[in-house]
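The values are calculated or read from the model by the stated rules, or taken from the named source; none is laboratory data. Since the structure is predicted, the reported quantities are computational estimates derived from the model, not experimental observations. Cβ placement follows ideal geometry from the backbone for every residue including glycine, while neighbour counts extend to all protein chains displayed. Protein only, heavy atoms only, side chains kept; ligands, DNA and RNA dropped before computing areas. Shrake-Rupley method; radii C 1.70, N 1.55, O 1.52, S 1.80 Å.
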Amino acid sequence: MKYLFFLIFVTSFLFSDQRILKISNFIDYIDIELLKDFASENNVKIIYDIHEVNEDIFSKIKKQNDYDLVIVSSNYISKLKNIEKLEKIDTTKLKNYSNINQEFLQTNFVNSVDYTIPYLWGTVGLLYNKKLVKEPITKWNDLWKNEFKNSILLSNEPSDVMGMALKSLGYSANSAKVEELNEANSKLEKLIPNIKDISSANALSFFIINGFSVGMIYSGDAKLIMDNSKDFEFIYPKEGALKWADGIVILKDSKNKDLAYKFIDFIIDSKNIAKIGNKTGYAVSSESSMQYIDKNNLQNNITYPTQNNLLNSEILIENDNIYDNSVEKFENLKKEYIKNGALNEK
């Protein structure tokens, strides 16, 4: 991804009078060629930054916004809206708006329908190496097994980790009950000896190169790993997977809102969003794009899970009590993990 930033940055020097569109997105979450095409077709510079987790970009925007567009998860879109950082979307400026699945928008962005355009969606489940694990993994609770000491990869998203712990206890991933959140936190503290690293990026290197046994993983990363190795298995935990949906938002302080709308319209073109889905291994919400999705993606229950796969699954929703509790407790968990010396044992 550093290469991507360098490529677009160098291209921008060729035309000093171009307007600049600044975007922040998750790592490995777009087709590079589309960025180049948009920049060329519209004679603009694109500065493309990456953020590993939602909390990084949320904290950055809260302090001082420097972007026109960002791509974040639905629960964080609501938080950005609540602190008045987002532009309300004017759908009349989007010729391709009819490609958006309105049922998906209304269901997955219930608290931010007017402020976002759906991008991609997927799940958080478990990936394990069949050669390194004694018995098949079936549930979140398996992460606490003694055999996985200093072996697992934990997500760097506070909401995902707290949601996973709550699900492992049989509670809702969106529980706001103090006693349930405290119980989940206590259980996470017991997981510390098993944690080998905490990250939401570069999953391929963790599992294939560094030999991690098991870990939390995004569905698209799981597909990429399994496309490269037959040693791995992705599972939807019995307690229920975590679902997520990411959206594109325009920042209220953007100096290039017309350009931001043009970029969104370009992205939600049926063929273009399908290219992104095919490239990343994540699912799209546009019915008109399905004809352009690779067959192996459509037939793969990692990218497009069945209803049975999603049994007991939940999408994380925006809730200030959950958010504040999750972030605070997750930061404490990471401090204890580092104090435990696990980072030095990688």
Taking a probe of 1.4 angstrom, what is the accessible area of Lys335 in Å², to the nearest 10?
-> 130
Using the Kirkwood formula over every pair of different C-alpha atoms, what hydrodynamic radius in Å results for the range 134-181?
-> 11.9
Between Asn210 and Asp37, 0.36 nm times their residue separation minus their Cα-Cα distance comes to what?
-> 58.7 nm
Based only on the alpha carbon positions, what is the Kirkwood hydrodynamic radius of the range 147-256, in angstrom?
-> 15.6
Here the range 200-217 yields Karplus 3J(HN,Hα) values (6.51, -1.76, 1.60; θ = phi - 60°; whole Hz; Gly and Pro given as x) of 10, 10, 6, 4, 4, 5, 4, 8, 7, 8, 9, x, 5, 7, 7, x, 5, 7
Distance cut-off 19 Å, percentage of C-alpha pairs in the range 210-301 lying past it | 54
The correct ranking of Lys45, Lys252 by accessible area at 1.4 Å, largest first, is Lys252, Lys45
Two-decimal ratio, the range 185-250, of alpha-carbon radius of gyration to 2.2 N^0.38 Å = 1.28
Among the aspartates and glutamates, which have Cα under 17 Å from the Cα of Lys36 when same-chain residues fewer than 8 positions away are ignored?
-> Asp28, Asp49, Asp265, Asp269
Share of accessible surface on carbon and sulfur in the range 168-268, whole %, 1.4 Å probe and ligands ignored, is 49
Leaving out ligands, DNA and RNA but keeping every protein chain, what accessible area does Tyr67 have, in Å² rounded to the nearest 10, with a 1.4 Å probe?
-> 10
The range 31-128 - Rg and Dmax from Cα coordinates, angstrom = 15.1, 46
For Lys177 and Asn202, calculate 0.36 nm times their separation in residues minus their Cα-Cα distance, and state this gained length in nm to one decimal.
-> 5.6 nm
Any idea how far the Cα center of the range 91-139 sits from the one of the range 224-240, in Å?
-> 18
So the FRET efficiency between Lys130 and Lys60, C-beta based with R0 = 45 Å and rounded to 0.05, is 0.70
Report, in cubic angstrom per residue, the convex hull volume of the C-alpha atoms of the range 100-176.
-> 144
Taking only the alpha-carbon atoms of the chain, the convex hull volume per residue, in cubic angstrom, is 134
Treating cross-link reach as a plain straight distance, find the lysines whose alpha-carbon is under 18 Å from the alpha-carbon of Lys339, omitting any fewer than eight places away in the same chain.
-> Lys149, Lys187, Lys190, Lys196, Lys329
Short version: ³J(HN,Hα) in whole Hz for each residue of the range 298-305, in order, from phi by Karplus 6.51 cos²θ - 1.76 cosθ + 1.60 (θ = phi - 60°), x for Gly and Pro, what are they?
-> 4, 8, 9, 6, 7, 6, 10, x
Placed amide H near Ile27: partners under 5 Å, 5+ positions off or other chain = His51
Provide the gained length on full extension for the span Gln299 to Tyr97, in nm with one decimal, where the gain is 0.36 nm per separating residue minus the Cα-Cα distance.
-> 70.1 nm
